[in-house]
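Remarks on the structure that follows.
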Amino acid sequence: MYTYEDVEMLVQDEYTELSTRAWNDEYLHVHMQNDYNYYGTGILLSKKQAELLRDTLDVFLEGGYDYEDVEMLVQDEHNELSICAWNDEYLHVNMRDDYDYDWMGMLLSKEHAELLRDTLDVFLEGGYADE
């Protein structure tokens, strides 16, 4: 079982970090933070949306993902999460806040995409707790 501390900082590049944590049994919180001004944005993913993200990561990892396939993956009242293939080796993840239209994004290597996919698997199987 994953705890909050296990994936407090899931992926970090030179400028941005991506983290996840269980909001409760039904929702996973995905958070991105910019290192320039420490501005962050997040979105709650239902299990159905987490499954869509996991399945999309699977397709990318298998090498069958095009830019046009997923323009806007998940949107709630305030934020949206979208992804596109940067090239065969990197997936670009974007989050946007509807309040001030700030965009935040990062490139995920296949290794990072696999880590995120595995984390989503654990959440979907009910073995992810915010402790």
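What follows is calculated from the coordinates using simple rules that are stated; it is not laboratory data. These numbers come from a predicted model, not from an experiment. All Cβ positions, even for glycine, are placed from backbone atoms using ideal geometry, and neighbour counts span all protein chains on display.
Just add up the charged neighbours of residue 124: K/R +1, D/E -1, any other residue whose Cβ is under 13 Å from the Cβ of residue 124. Display every interim value, and only then the final one.
Details: positive: 47, 48, 54, 117; negative: 25, 26, 51, 55, 58, 118, 121, 125.
Result for the neighbourhood of residue 124: -4.
GluC sites (Glu not before Pro) within the stretch 23-62: which are DSSP loop residues with at most 10 other Cβ atoms inside 10 Å?
Values: sites: 26, 51, 62; in loops: 26, 62.
Loop-located and lightly packed - 62.
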